[in-house]
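Step one of this worksheet: look at the structure below.
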Amino acid sequence: MTSVSGKADPVVRCIAAAVIVEALSEGLRDFQAAPLYGLAFGALYAAGGIAILLCLLGLDLVYLAYPLAAGFAMIGPFVATGIYEVSRRRENGLTISAAAIWSTVKSRGEIGWMAFVTLFVFVVWMYQVRLLMALLIGLNASFSSFHEFMTIVLTTNGGLLFLVVGNAVGAALSLILFALTVVSFPLLLERDVDFVTAMITSVRAVAASPGPMIGWAAVTVALLAVSAIPYFLGLVVTLPVLGHTTWHLYRRIVVPVGSGAT
């Protein structure tokens, strides 16, 4: 098969759950070997979440704090691009520096299109939360505090339905975005392919090993969501570890160019 650009499509392997454990072990080693870079990207991610949360507080939209924390995991793959580059450079024995990482990421123009896809899904998630709130709780619903919002959500029929439907939609969007990005960002970083091919390859990777990959998706979302609870500060460590792990998972899923492995 050939990609949109006319090049041969990347070949994907089936993997077992044990491969994810191995990738996680290697991801932890990468983080320990270059902690400052991982912590820097994790801090940037956490700072973005804190900034958005402060904006919600300033606009009296504190009730969106929960969906924000739940949906913020969606943009993690984009923010982790620099972390993938750290792992790639360690793997190839290349110099690791902020300038080198930025230069490589900036030179991969297709990553910008993948970033747009990621941010678009995040915006859709936040808008559907407001839509469901208007439909199920009230068009003109307003809340003076997060406690009042949670009280209504947990004690009224409309609130409970909002919670169930909202979480179901969020899970579906997260799974879709995971399938589109789990392999695409590392692939675009390493190879000269278009972002459509990268997304298709990522979906093929998930389809080839649905059990292990969906399991990894659940673990990733759960860790990011839990890490976001303490004012997003847990993301400082969680994001780099997951980012390094994702790189090593990618290396096991996508067959290297010129390799005869299947």
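Throughout, read-outs are computed from the coordinates displayed, never taken from laboratory work. The model shown is predicted, which means the values in this text are computed figures rather than measured ones. Here Cβ is always computed from backbone atoms with ideal geometry, including for glycine, and neighbour counts include all displayed protein chains.
So here's what we get for this one:
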| read-out | value |
| --- | --- |
| Segment ALA65-VAL21, length gained on full extension (0.36 nm per residue, minus Cα span) | 12.6 nm |
| Angle in degrees between helix 110-136 and the longest Cα principal axis of the chain, rounded to the nearest 10 | 20 degrees |
| Whole-angstrom gap from segment 16-87 to segment 189-262, using each part's C-alpha centre | 13 Å |
| Whole-number D in µm² s⁻¹ for segment 1-113, Kirkwood Cα-pair radius fed into Stokes-Einstein, 37 °C, 0.692 mPa s | 193 µm²/s |
| On Cα atoms only, tilt of 210-228 relative to the major axis of the chain in degrees | 50 degrees |
| Extension gain (nm, one decimal) between VAL196 and LEU36, 0.36 nm per residue minus Cα-Cα | 54.3 nm |
| Stokes-Einstein D (µm²/s) once Rh is taken as the Kirkwood radius of segment 17-253 over alpha-carbon pairs, at 25 °C in 0.890 mPa s | 132 µm²/s |
| Principal-axis tilt of helix 35-58 within the chain, Cα atoms, nearest 10 degrees | 20 degrees |
| Förster radius 41 Å - calculated FRET efficiency between VAL169 and CYS14 (Cβ-Cβ, nearest 0.05) | 0.85 |
